[in-house]
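Taking it in order: structure first as structure tokens, then the write-up.
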Amino acid sequence: MSRSAVVWDPALLAYKLGDDHPFNPVRLDLTIRLATALGVLDDVPLVVPEPVEVDQLYRAHAAEYVEAVRQAPMAGWDVGHGLGTPDNPVFTDMHEASSLVVGSTLVGARCIAEGKAARAVNIAGGLHHAMHGRASGFCVYNDCAVAISWLLDHGFDRIAYVDTDVHHGDGVQAAFYGDPRVLTVSLHQHPFTLFPGTGYSAEIGVADGEGYAVNVPLPPATQDAGWLRAFHAVVPSVLEAFRPQILVTQCGVDSHEEDPLADLSLTVDGHRTIYRTLRGLADTYADGRWLAVGGGGYQLIRVVPRSWTHLLATVLDRDVAPTTALPRNWTEHVLALAPKAEIPARMTDDAEGGEPEVSRWGDGMDDAVDIAIRDTRRAVFPLHGLDPHDPRD
Ligand SMILES: [Zn+2]
């Protein structure tokens with residue numbers, strides 16, 4: 001059994017919202033090319049996805065909405081359901097391309113559930129904003145919600161979803177908001193300042209699901225150290241209390257300081273540290289089972305390919321040293337596409353190639369990040385038998 005499954009097919013590049021739309025699949029192509037050029041994918045058999053049948057989509061979406069997506073390219077105007085907007089334009093074969101994205105995350109989940117792999121990664125997935133009855137935030141079908149629902153029907157009843165995209169993972173949270181079998185955790189830029197305007201610390205779930213939605217809204221300009229401080233102050237404790245059977249992570253990289261759509265200030269080194277931390281948490285708390293998907297990320301050349309190459313490498317236990325130079329055949333390919341691109345030289349944003357510094361919560365610093373940490377811990381920790389004021393929890 002190969003320990004890790006990598007899901008990929010160039011057919012996934014068909015999820016294309018338009019030439020001028022920020023969600024450009026070239027980022028996926030450049031990531032696979034970079035990972036290949038660095039040898040990360042050497043001898044790794046790629047798992048080729050298939051589009052899901054509509055009954056799988058009904059796990060997360062209304063039949064009426066799925067039908068609207070199918071009809072939209074022919075309908076021409078006023079299709080409703082969030083479709084045909086600047087964020088979610090209608091495109092040719094939208095249903096087919098979106099169903100393939102869902103299939104790509106689902107096949108990763110299947111590999112893990114069937115014991116073929118302990119980990120699976122699908123950089124084309126992570127469409128976390130799609131809602132039950134509408135498209136939202138560049139997302140047509142919610143592959144994360146479909147895969148989690150499928151896992152619930154195939155032997156899993158404690159699933160932890162951790163969302164590190166700069167935007168709140170609202171669609172996944174909404175899908176399981178009253179379900180104590182699914183713990184959703186999202187760290188994101190504060191909803192006052194960014195789409196989709198949700199993800200307050202007071203959003204903790206409803207009914208039996210109370211305490212099983214966890215939100216950490218971070219102030220704009222939060223850097224690696226602050227982001228990681230917040231993560232460590234909240235996530236390991238709730239995972240330890242929840243004891244998941246599998247960790248599902250949405251690994252959007254629009255939290256980078258150069259991302260054009262948002263205002264957090266992480267680096268590629270912060271992203272790499274996050275992935276290695278998630279891997280450790282899956283090993284510690286989820287029996288090693290880890291399903292990682294992509295998500296947002298709109299600095300198509302300088303950020304996404306490097307960060308997600310680190311993600312692929314981390315899932316495969318083939319960690320790439322930060323000081324590694326970008327291979328010449330990759331930079332030449334990029335310059336042929338974008339002659340004016342300023343291409344970074346190495347797999348790090350740090351002159352020294354070092355690890356981001358992290359100071360642990362509980363030292364009394366009490367800055368804006370610490371206020372967010374405190375609010376979140378107060379909102380959910382008592383519901384898990386944890387002490388919001390004790391830094392050991
Ligand atoms: Zn995002």
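The values are calculated or read from the model by the stated rules, or taken from the named source; none is laboratory data. Note that the structure is predicted; figures quoted are calculated from it, not measured. Note that we place each Cβ from the backbone using ideal geometry, even for glycine, and neighbour counts take in every protein chain shown. For the accessible areas, the whole protein counts, side chains as well, though only heavy atoms, and no ligand, DNA or RNA atoms are used. Shrake-Rupley method; radii C 1.70, N 1.55, O 1.52, S 1.80 Å.
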(Q) Residues that are more than 25 Å from P327 (Cα to Cα) and in contact with a Leu (Cβ under 6 Å, 6 or more places away or on another chain): list the helices (runs of 4 or more DSSP H) wholly contained in the stretch 1-80 that include at least 2 such residues. (A) 63-75
Q: Considering each of A338, A321 in turn, give the residue that is open to solvent by 10 Å² or more (accessible area, probe 1.4 Å) and either among the acidic types (D, E) or more than 27 Å from D263 (Cβ to Cβ) (or both).
A: A321
Q) Given (1) within 21 Å of G252 (Cβ to Cβ); (2) over 20 Å from the mean Cα position of the chain (by Cα), where does G115 come up short, assuming only one miss? A) (1)
Q) Going through the stretch 174-190 one residue at a time, which ones are within 13 Å of the ligand (Cβ to nearest atom) and either in a helix (DSSP H, G or I) or not aliphatic (A, V, I, L, M) (or both)? A) S186, H188, Q189
Q. Within the stretch 342-367, restricting attention to residues that are surrounded by 13 or more Cβ atoms within 10 Å (Cβ to Cβ) and over 16 Å from D224 (Cβ atoms), which residue is modelled with the lowest pLDDT?
A. G362
Q: Find the residue count for the stretch 50-77, including only residues that are touching a helix residue (DSSP H, G or I) at 6+ places or on another chain (Cβ under 8 Å), of a type in the set (D, E) and closer than 17 Å to H132 by Cβ.
A: 0
Q: Please go through the stretch 136-154 and pick out each residue that is in a loop (DSSP other than H, G, I, E, B), open to solvent by 10 Å² or more (accessible area, probe 1.4 Å) and touching a residue at least 60 places away in the same chain (Cβ under 8 Å).
A: F138
Q.
With open to solvent by less than 10 Å² (accessible area, probe 1.4 Å) and of a type outside the set (A, V, I, L, M, F, W, C) as the only criterion, which of R229, R243 stands out?
A. R229
Q.
Restricting to the stretch 160-173, count the residues that are within 16 Å of the ligand (Cβ to nearest atom), outside any loop (DSSP other than H, G, I, E, B) and of a type outside the set (D, E, K, R).
A. 5
Q) Just to be sure, is A109 surrounded by 21 or more Cβ atoms within 10 Å (Cβ to Cβ), in contact (Cβ under 8 Å) with a residue 24 or more places away in the chain, more than 14 Å from the chain's Cα centre (by Cα) and within 16 Å of the ligand (Cβ to nearest atom)? A) no
Q | In the stretch 368-388, the residues that are touching a residue at least 12 places away in the same chain (Cβ under 8 Å), assigned to a loop (DSSP other than H, G, I, E, B) and either of a type in the set (K, R) or open to solvent by 60 Å² or more (accessible area, probe 1.4 Å) (or both) | A | G385
Q.
Tell me yes or no: at least one residue of the stretch 344-351 is among the polar types (S, T, N, Q), assigned to a loop (DSSP other than H, G, I, E, B) and over 19 Å from H256 (Cα atoms).
A. no
Q: Could you please tell me which pairs satisfy a Cβ distance under 7 Å, a separation of 6+ or placement on different chains, a first residue in the stretch 41-66 that is within 17 Å of V107 (Cβ to Cβ) and surrounded by fewer than 19 Cβ atoms within 10 Å (Cβ to Cβ), and a second residue that is of a type in the set (A, V, I, L, M) and modelled with pLDDT under 95?
A: none
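Rundown of residues vs (1) part of a loop (DSSP other than H, G, I, E, B); (2) not aromatic (F, W, Y), yes/no style:
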residue: A221; (1), (2): yes, yes
residue: A225; (1), (2): no, yes
residue: R229; (1), (2): no, yes
residue: V238; (1), (2): no, yes
residue: L247; (1), (2): no, yes
residue: L278; (1), (2): no, yes
residue: A282; (1), (2): no, yes
residue: Y298; (1), (2): yes, no
Q. Which condition breaks for P191 when tested against (1) over 18 Å from the mean Cα position of the chain (by Cα); (2) buried (at least 18 other Cβ atoms within 10 Å of the Cβ); (3) more than 21 Å from L281 (Cβ to Cβ)?
A. (1)
Q. Can you name the residue in the stretch 1-40 that is among the charged types (D, E, K, R) and open to solvent by 60 Å² or more (accessible area, probe 1.4 Å) and, of all such residues, is nearest to N142 (Cα to Cα)?
A. K16
(Q) Going residue by residue through the stretch 83-101, is there one that turns out to be away from the ligand (no atom under 16 Å from the Cβ), buried (at least 24 other Cβ atoms within 10 Å of the Cβ) and under 20 Å from Y212 (Cβ atoms)? (A) no
**Q.** Filter pass, H132 being open to solvent by 30 Å² or more (accessible area, probe 1.4 Å), farther than 23 Å from L281 by Cβ, at pLDDT 95 or above and not charged (D, E, K, R)
**A.** yes
Q) Of (1) among the small types (G, A, S); (2) touching a residue at least 60 places away in the same chain (Cβ under 8 Å); (3) in a loop (DSSP other than H, G, I, E, B), A120 satisfies all except one. Which? A) (3)
**Q.** Sole residue being in contact with a Lys or Arg (Cβ under 7 Å, 6 or more places away or on another chain) and more than 20 Å from H271 (Cα to Cα), chosen from H310, H333, H389
**A.** H333
